[in-house]
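Below you'll find the structure, written out as structure tokens, and then a few comments.
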Amino acid sequence: MLSSQRHLRSQVQKLVDASLFALSFYLAHLLRTVWKFEIFGGTRDILPFEAYWWLLLVVIPGGPLLLHVHGFYERPLVSSRRLTVWQLVKACAGLAVGIILAMWLFRAHASIGRSVVVLFGAFSVAIIYAKEELFQMWARSTYGRSVTERRLILVGARDDTSRIQGTLLRGQADNLVVVARLNINEEPIGRLVELLHEHSANAVVMSAQHTYFGQMEQTIEVCEREGVEVWLLADFFRTQVSQTHVDDFYGRPMLVFRSGPDTSWSAVFKRVIDVVGSATLLLLLGLPMLLVAALIRLTSPGPVLFRQRRSGLNGQPFTMLKFRSMVTNAEQLRTELEALNEMSGPVFKVADDPRITPLGRLLRRYSVDELPQLINVLVGEMSLVGPRPLPVSEVARFDDPAQRRRLSVKPGLTCLWQISGRNDVKDFKEWVRLDLEYIDNWSLWLDIKILLLTVPAVLAGAGAGAR
């Protein structure tokens, strides 16, 4: 994992751990208030928590700082329990000593009690360890691996790619998986396109040498069109779309050519909004969704949910969920309706689609059929805002490689295309242009703006037949 991503992950962990240290301190005081027993003897009462709030100025920054000193945030993404516990115990013990020193240095008029300090240390170890265990369970799960795993293709001479792969193995890189290697001496650059599609790669790592500059430039152009990051162990190359970032690859300088949004705090907040927003909507709309499911079951034979393989981030297939709004044999009937397709390009869309059931037409008019995709958002396969995911079969028929750059971000429930009037966009190139406009100008404010504009568009029933 590159240093910028390691740094961002470390900063997020420190914020979470700081909050957990504060919670542990409060719980320790609360337990001592209820349990009027001093571990080291005595039964005297202690003052309310407000008398000791200033100690949070020691606890909140001190906890993450001591964990950092003991290398807690330098561990691999999936690390041993023994190492985790040992580093936690040392840091929490040091923090407990720090609290005692703070009380002594500032001559606090009322001691918080030795039992509170001991309980705080125990709570801190237990709560943060529980957080780590939950994270490890998630990281080892199928969804966790799909979110954190970075699938790499190595490009260069055989010796160069072998050396890079060896570096990855020695460095115990966090979920960096080499899915393919391209020998630039023996295989054409065109083969890279096939490998990108076959493995849904997230990045291409190149070790450029002077004799291969021509092929390297072609490789960057291919990845630009595909919307895939390029990690180049070199210091130059002109690009047309990608932004160039300098990073570190286990001590070696690296240039990253990125034609999509960068890893940043804004990206973290976007994911937070996705999780909180989708979870809240699922809770609020749970009963109405059950009612819709019952109506579908009563009004037409077949399953309640429609499942279809669609292309996600970098083309990675996932199963998208929708309330079924068509007859059960809709896919088989599609071939008979190809002549009625109103959308140019590889996608299929018919305004008055005869396959849609009467209830399905109502569900589509107000986008109710899209609600199960909140589950896709919650598990990380989609975002609330992003280009609409297309079926894998339609992505495979893209006639312009540049169209795949819309896959460089997670697909979403809503996007610029939808708020621009879904029925008015008939040209797939215009659809792609709006998606790329979103990618190139992405910001949290743009996401919020799109979400706000989506609400009146849905309530007005504008653009029935969303994909």
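The values are calculated or read from the model by the stated rules, or taken from the named source; none is laboratory data. If you're wondering where the values come from, they're calculated on a predicted model, not measured in any experiment. Here the Cβ positions follow ideal geometry from the backbone for every residue, glycine too, while neighbour counts run over all protein chains shown.
Once the range 304-320 is narrowed to residues that are surrounded by 20 or more Cβ atoms within 10 Å (Cβ to Cβ) and farther than 11 Å from Pro389 by Cβ, the residue that is modelled with the highest pLDDT is Phe306.
Residues considered: Leu281, Leu285, Leu233, Leu305. Of these, the only one that is in contact (Cβ under 8 Å) with a residue 12 or more places away in the chain, touching a helix residue (DSSP H, G or I) at 6+ places or on another chain (Cβ under 6 Å) and over 25 Å from Asn441 (Cα atoms) is Leu281. Of the residues making up the range 82-101, those that are surrounded by 17 or more Cβ atoms within 10 Å (Cβ to Cβ) and touching a residue at least 40 places away in the same chain (Cβ under 8 Å) are Thr84, Leu88, Leu95, Gly98, Ile99. Residue-level analysis places Leu285 outside the set of residues that are outside the structural domain of Glu198 (by TED's automatic domain parsing) and more than 29 Å from the chain's Cα centre (by Cα).
Among the conditions (1) within 27 Å of Val228 (Cα to Cα); (2) touching a Gly at 6+ places or on another chain (Cβ under 7 Å); (3) part of a loop (DSSP other than H, G, I, E, B), Phe318 misses just one, which is (3).
Quick grid of which residues meet (1) closer than 23 Å to Thr33 by Cβ; (2) modelled with pLDDT of 90 or more; (3) touching a helix residue (DSSP H, G or I) at 6+ places or on another chain (Cβ under 6 Å):
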position: Ile99; (1), (2), (3): yes, no, yes
position: Ser115; (1), (2), (3): yes, no, yes
position: Gly144; (1), (2), (3): no, no, yes
position: Gly156; (1), (2), (3): no, no, no
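For the range 395-418, state whether one or more residues are in the same structural domain as Phe323 (by TED's automatic domain parsing) and at positive phi.
Going residue by residue through the range 395-418, those that are in the same structural domain as Phe323 (by TED's automatic domain parsing) are 395-418.
Add one more test, that the residue is at positive phi, and what stays is none.
Among the residues of the range 395-418, not one is in the same structural domain as Phe323 (by TED's automatic domain parsing) and at positive phi, which makes the answer no.
Looking for something assigned to a loop (DSSP other than H, G, I, E, B), out of contact with any Lys or Arg (no Cβ under 6 Å at 6 or more places or on another chain), touching a residue at least 12 places away in the same chain (Cβ under 8 Å) and hydrophobic (A, V, I, L, M, F, W, C) - is there at least one such residue anywhere in the range 257-273? Looking for residues that are assigned to a loop (DSSP other than H, G, I, E, B), out of contact with any Lys or Arg (no Cβ under 6 Å at 6 or more places or on another chain), touching a residue at least 12 places away in the same chain (Cβ under 8 Å) and hydrophobic (A, V, I, L, M, F, W, C), one finds none in the range 257-273, hence no.
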